[in-house]
Amino acid sequence: MRERQKQILRDLLLMEKKVLLVQQLALELNCSEKTIRNDLQVIESFITECSNGRLVRKPGVGISIEIEEHEKQELLSSIQSNSTSERNVLKKEEEMKILFDLLTHESTSLQHLAATYYVSQTTMKKVMDHIEIWLTKKNVKLIKKQKVGIVVEAEEKDIRYALQHIDEYNGEALEIANSFLYHQFAQYEVKIIEQLFSKFIHKYGMPLTDESIKNLILYTLVMIKRTKTRHLMELSDHQFKLITDKKEYQWMLEVVKEIEQSFLMQLPEHEIGYLTMQFIGAKFRGQQDGDYPYDIEVDQQAEQVMEKLTKRISILALVPFYNDAKLKDGLKIHLYSVINRLKYTLPVQNPLVMDIKQMYPFMFDALVNVLQDMKGELPYDIPEDEVAFLTLQYQASMERLKSKQDNLKKIIVVCHMGIGVSEIMRSKIATTFQEIEIVATLPQNKLDDFLMEHSVDLIVSTVPIDELNVPYITVTPLFNEKDKAKLRKMLTMESKTEVENASVLKSYLEEKYTFIHLQLDHRFEIIEKLSERLEYEGLVEADYGHQALLRERAAATAIGGGIAIPHGNPNLVKESKIVIATLKEPITWGTESVSIVLFLALKQESSEKRRRLFHQISRLAGNPAKIAKLTKERDIHSLLSLMD
C-alpha cells in the first residue's frame, strides 16, 4: 500500500467506534474524494487478506472498521514495519485516545505507544508529558513502574471525573454529539441513557441546565464501563446514609432498574448512591419554583451565604449588588448546587478559572478576600474553581447595574459552540467595549424567540444570520483583533478605555521599588523579598508579608499571561505602592508560568480607581508582545516607561 493508504488505515484502526468521512479524508490528505474511494478499495482488500475484520461503509454516516483487538494490533504492526518514515506529531484525537486508554486500561509502555502510533519514543515522551500535566490538574497521577509500565493512580471518583471531562483536553467542552467520549460508546448505548434521563427529568421536574444533563449522561456511560471492569465506587457509611435518605435516591432506583435491564448488569448500591449524588450536585436553571423537593437546610444555607456575601462584596466594590433581583435569583440557585457539591465531596474543576482571573482580577480577588473573612460563617470552604463561577455572576451583575445608569448599546452574542467558548467570547467583548451591554448569550436556535420579546441594537454572531431587521456582524469564536476592529467600526466610536486607564498603574510605580531579572526559585521567596522592601521603607506593617503568603496559599494569584499579583491585607498598608519584579527565568506560580510579579500594597481607597487599575493589569496580561518586551528589558527607567 501507498503511504496515504496506510495513513487512512491507521486512522481507521486508531479511531475505534468513530466513523471517518470521505470528504474529511480528502481535505486532510489534499486529494480528491474519488482518490479516497479508490484507496478504500485497496484498504478493504488488505483487511480481508490479513484479518477477519471488515470495512464498514454507511451512506450518510461514514466509514469504520469492525475488527478484533488482537487483529487490529497485528495490522498496525504490519503497516508500521512496511513504512519508510515516522511521524513527528500526533493528531489531537490520537492523544485523546491515548489518554482514554490510560484511564481505562491497566498499564502500557512508551515503547508500545510509540510503536502503535508510529512515532519516535522522543515524540511520544512529549505527548505523555502533556498528558501528565492535564491529569495532574484532575488529581490523577501518571506513574512509571519497572516491569509494569505506565499506569494511572487516583481515587476512583477522580478517574471518572477525568474521563467524564476528557473533551477539555482538546481545549473546549463540546456539544455531546461531537464529544470524543460520546464516540467511545456504541450509539445505541448512548441513546438508551439519553432517553432514560429525558424521561426521568421530565417525570420529576428536575430543572437541570443543558450542560448538567450532558455531564450526567457522560458520567453514567463512564459508570457503566467502570462497573463492568470492576472498578467500583466506595462511599463512607456517613455518605451512604446521607444519600439514601433523599427522595432522589428512591427516584434513581427506577432509572437503575432500566439501566440494569438494558445493559445486562447489576449496579452495587454504592454506585447507585454516587449516581444520585451526581444529580443532586448538578447545576439547576431558573428560579426555585415548581414541585421539585429542594433540601430545606441547603436552601436556607444558600440564602444566608448569598445575603452575607452580597452585602460584603457591595461594600468592598462600592456597587449596590443587593438591588439586582436577577443576581439574587441566579446566585441562590447556583449556591444551592455549590453547597450540595461540597456536601457530597464531588470533584469540581472550572476549566475557565485562569481566563476569569485574567479578565476580572478585581472581582475575583474581592470575592477571595470576602470569603476568607467569612470562613467561620460558611458551611464549607469554597474552592478557587467555585470562586471563579461566582465571579462571573457578580461581574455580570455589575455590568447590568452599570447599564441602568448609562445609555449603553444593547447587544446579543450568538455562538454556535459550547457554553465555555460562549462565555469567554462574551467576556472578551464586555472587557474591550465598556460602552455596550450584552443582554444575552444565545445559541442560534434561540435567537428568533428572544427577539420577539426583547429590543436590541446589534447582534454579534459566530454564524451568518438570515433576514433580520437587527444589524449584525459575523466574528470568529476567538474574537481576535480583526473582530474587535469590525465591532468597533460598527459601533462608530473608538474605545477610550485604554487612554483613561493608562496612568493608573504607573502612578503606583517607582524606580526604587523595581527589580530587574530577579533570581528566586519559589513564589513564597519572591513574596517575602518584595514585602521586606516595603516594610523596610515603612510603607506597610510588619505582618503584611505574612498576610500576603496566607492569601497566596488560599488561591494562587497568577492571572495568566505570565503575570502574578500577590498582595496582603489592605488594612496593613500605610501608603499605596506596587513593587514590580521581572524574573530571570519564569517560575511555576500555582499552575501557571510567571515571569512578571506585581506585588500590590494598596490601601482601602476608591473602588473605581481600583477597578481601573485591575482593568489595566488585565489588558497587560492579554498583551504577550508587551510582556516579552518587559521581561527582556535590563534598564529600570526603560522598563517603567513601557508601563504607559
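Readers should treat all values here as calculations from the given coordinates under stated rules, not as data from a laboratory. Predicted model, so just to flag it, every value in this text is computed and none were measured. Here Cβ is always computed from backbone atoms with ideal geometry, including for glycine, and neighbour counts include all displayed protein chains.
Once the Cα atoms are used to define both axes, helix 384-405 deviates from the longest principal axis of the chain by about 60 degrees. Taking a point 7 Å out from the Cα of Q195 in the direction of its Cβ, the residues of the range 261-275 whose backbone N falls within less than 14 Å of it are 261-263. Sketch the reach of a paramagnetic label on I296 as a point 7 Å from Cα along Cα-to-Cβ, and name the residues of the range 241-255 whose backbone nitrogen lies under 19 Å away. Zone members listed by number: 242-249. Remark: relative contact order (the range 296-402) = 35 percent; criterion is Cα-Cα distance under 8 angstrom and separation of 6 or more residues. For the range 406-495, relative contact order (Cα pairs under 8 Å, six or more residues apart, normalised by length) works out to 34 percent. Kindly state, to the nearest 0.05, the FRET efficiency for E93 paired with K574, given R0 = 41 Å and r defined as their beta-carbon distance. Once rounded, the FRET efficiency stands at 0.10. Within the chain, which is the longest segment that contains none of the trypsin sites (Lys or Arg not before Pro) sitting in a DSSP loop with at most 10 other Cβ atoms within 10 Å? That gives 231-495 as the longest site-free run. Once the convex hull of all Cα atoms in the chain is built, its volume per residue stands at 195 Å³. Model label points for N178 and E69, set 7 angstrom from Cα along the Cα-to-Cβ axis, are 3.1 nm apart.
Would you work out the charge dipole size for the range 1-85 about its Cα centre, treating the Cβ of every Lys and Arg as +1 and the Cβ of every Asp and Glu as -1, and quote it to the nearest 20 debye?
Its charge dipole is roughly 320 debye.
Set the bar at 25 Å for Cα to Cα. Now go through K137/K332; K241/K328; K428/K482; K283/K409 and name every pair that lies beyond it. Table pairs above 25 Å Cα-Cα are K137/K332; K241/K328; K283/K409.
Extent of the range 299-370 along its three principal axes (Cα atoms, max minus min coordinate, largest first): 35, 31, 21 Å.
Full extension of the segment from E28 to M265, taken as 0.36 nm per residue of separation minus the current Cα-Cα distance, would add 81.2 nm. The gain in end-to-end length when the I473 to F524 segment is fully stretched comes to 13.7 nm, 0.36 nm per residue minus the alpha carbon separation.
Can you figure out the FRET efficiency of E307 with D381, using R₀ = 22 Å and their beta-carbon distance, to the nearest 0.05? My answer for the efficiency is 0.70.
On a 0 to 90 degree scale, rounded to 10, what angle separates helix 210-228 from the longest Cα axis of the chain? Taking the Cα atoms of the chain, the angle to 210-228 is about 50 degrees. In degrees from 0 to 90, rounded to the nearest 10, what is the angle of the helix 269-280 Cα long axis to the longest principal axis of the chain? Once rounded, the angle reads 50 degrees.
So if R0 is 45 Å, what FRET efficiency would K125 and Y188 give, r being the distance between their Cβ atoms, rounded to the nearest 0.05? Don't skip to the end; give the middle numbers.
Values: r = 39 Å, r/R0 = 0.86.
Result of the calculation: an efficiency of 0.70.
The stretch between I465 and K626, if pulled fully straight at 0.36 nm per residue, gains 54.3 nm over its current Cα-Cα span. For the range 1-85, a/c is not less than 1.5, where a ≥ b ≥ c are the root eigenvalues of the C-alpha gyration tensor, and a/b does not top b/c. That puts it in the oblate class. Evaluate the Kirkwood expression for the hydrodynamic radius of the range 406-495, namely the inverse of the mean inverse distance over all pairs of different C-alpha atoms, and round to one decimal in Å. For the range 406-495, the Kirkwood estimate is 13.1 Å. Based on Cα contacts under 8 Å between residues 6+ apart, the chain shows a relative contact order of 8 percent.
Of the GluC sites (Glu not before Pro) found in the range 580-644, those in coil by DSSP whose Cβ has at most 15 other Cβ atoms within 10 Å are E605. Label-to-label distance for E3 and H416 is 3.4 nm, based on points extended 7 Å past Cα in the beta-carbon direction.
Could you give the C-alpha radius of gyration of the range 185-280 expressed as a fraction of 2.2 N^0.38 Å, taking N as the number of residues it contains?
Expressed relative to 2.2 N^0.38 Å, the Cα Rg reads 1.02.
Distance from the Cα centroid of the range 331-394 to that of the range 140-211 is 24 Å (rounded to whole angstrom).
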